[in-house]
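See structure below.
The values are calculated or read from the model by the stated rules, or taken from the named source; none is laboratory data. This is a predicted model, so every value here is computed, not measured. Cβ placement follows ideal geometry from the backbone for every residue including glycine, while neighbour counts extend to all protein chains displayed. Note: areas computed on protein heavy atoms with side chains; ligands, DNA, RNA excluded. Shrake-Rupley method; radii C 1.70, N 1.55, O 1.52, S 1.80 Å.
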Amino acid sequence: MTVNRLRTMLVAGCLTLVLAASASAQVFGTFNFQMQPYCNVVTMTITQISTGFTLDGFDDQCAALKRASLIGMATLNPDGTVGVTFTIITAPAGKGVHVSAVISPVTGSGTWTDSGGNTGTFVLAGAVPGLPPRPVPSVVGPAGPAGPAGPAGATGATGATGATGATGATGATGPQGIVNMFQATGGFITPTATQAFIGPQVTLTVAAGQRLFVVANQAMGANASGADNLDIAICTQSTVAGSPVVERVSQIFNLTAAPNTRVTFGANAVINGLPAGSHRVGMCGDSANVNWTNGE
C-alpha cells in the first residue's frame, strides 16, 4: 500500500467533510508512524467520538518480542493541523512515556516530542532500517522525608512600593475554529474521460473566509478486465446552474486495478478562498479506460 493511500484511508465509499466535532463514534482507520530518528513504529486506530478522536494501539519497540500498549486522543487544530497526544507503557519495564505530536493533513506526517526530552519527525508509514531505539526514561523514586526547618532569618527592611504598570492593549480576536461537520455515504459513479464527481457529494453553504477540510474515499476496481489510467482529486462545484466542477488539489495520477479486484482510493484537501454561497464537495476523477465498473 502506498503512502498516499494509507494517508487518506478512512472508510470505503465514505466522504467526511470536517467543520466540527461529530456526535457519534466512527472508526476512521489504523495508521503506522515511525518516531524518527528512532526505529520505534507506533500503530494506532483512530476512532471519532463526540469530543474529538481517540487513539489506541501499540509501540512495536523496534520489532521486539513484546509490544508496548498505547492510548491517547487527537484533536483538529484551528490552523488546520492535527494534534495527537498519547501515553506508551513500555514492556516489560512498565515505564510510562508521554508523547505529543503535530501532524499535517496534507502530508500525513509531522513532528513529535516526549516526556523524556526526545524529539523527532513523526513519519506516516515510515520504515527506515538501522535506527536506534527510542531511549526509555528513568523512573525517579519517591521523595524522602522533609528535614527539620532551620531557624528563622531576620526580617528585612520593607522596600518602596513600585509604580503601577500601564494596562496592556487588548489582543486581536483569534480566528474562528471548526463550526460544523458533514458526512455523506453511498453512490459510486463510473468515471469517464471527462473530470467529474465519481462518488457522493456534500452540499453546504460556505460563509466568506471559511475553509474546508475534506476527506474522501471510494472503493473502485475492475471486473473481468483490469483497469488503469485513473486520476482522482478533491473538487467543488457551485450549485448555481451551469457551474463547472473545479479541481482544488493536485491529482493523484495513473491509478490501476487488477482484474476482478476492488481497491479503496482516497484523497484529502484543505480548501481556502471559496466564494460565499452553496457548493457541492466530493471526490472527482477521470479515466479513458472504460473498465472501472467494480465500484461501491
| request: Would you pull out the residues with amide H under 5 Å of S109's amide H, same chain only if 5 or more places away, H placed 1.01 Å from N? | output: S104, L124
| task | Can you pull the one-decimal nm distance between simple spin-label points at R262 and Q26, each 7 Å off the Cα toward Cβ? | result | 1.9 nm
| field | Carbon + sulfur, % of accessible area of the range 168-296 - ligands and nucleic acids excluded, 1.4 Å | value | 51 percent
| message | Between S115 and A288, what is 0.36 nm times their sequence separation minus the Cα-Cα distance? Round to one decimal in nm. | response | 57.0 nm
| field | In order through the range 28-43: 3J(HN,Hα) via Karplus (6.51 cos²θ - 1.76 cosθ + 1.60), integer Hz, x for Gly, Pro | value | 7, x, 10, 10, 10, 10, 9, 8, 5, x, 10, 7, 4, 10, 9, 10
| query | What list of ³J(HN,Hα) couplings, whole Hz, do you get for the range 280-296 from phi and the Karplus terms 6.51, -1.76, 1.60, once you set θ to phi - 60° and write x for glycine and proline? | reply | 9, 9, x, 7, 10, x, 7, 7, 7, 7, 8, 8, 7, 10, 9, x, 8
| message | Amide H of Q61 versus every other amide H placed in the peptide plane: which residues, excluding those fewer than 5 positions away on the same chain, fall under 5 Å? | response | V41, A68
| said: If R₀ is 41 angstrom, what is the calculated FRET efficiency for the pair S69 and T107, using the beta carbon separation as r and rounding to 0.05? | reply: 0.90
| task | Pop out the ³J(HN,Hα) list for the range 49-58 in order, Karplus 6.51 cos²θ - 1.76 cosθ + 1.60 with θ = phi - 60°, rounded to Hz; leave Gly and Pro as x. | result | 10, 5, 9, x, 9, 9, 10, 8, x, 7
| request: Compute the signed sum of charges (Lys and Arg +1, Asp and Glu -1) over the other residues within less than 13 Å, Cβ to Cβ, of G96. | output: -1
| message | Need the full-extension length gain, A152 to I89, defined as separation in residues times 0.36 nm minus the C-alpha distance. One decimal, nm. | response | 18.1 nm
| Virtual spin-label span in nm between A224 and A193, 7 Å along Cα→Cβ | 2.3 nm
| Accessible area per residue in Å² at 1.4 Å probe, computed on the range 227-296 | 44 Å²
| request: Starting from the amide H of N229, placed 1.01 Å from N in the peptide plane, find each other amide H under 5 Å away whose residue is 5 or more places distant or on another chain. | output: L255
| field | Separation in nanometres of the label points that stand 7 Å from Cα toward Cβ, at A166 and R211 | value | 3.4 nm
| task | Keeping the other protein chains in place, figure out the carbon and sulfur percent of the accessible area of the range 63-135, with a 1.4 Å probe. | result | 64 percent
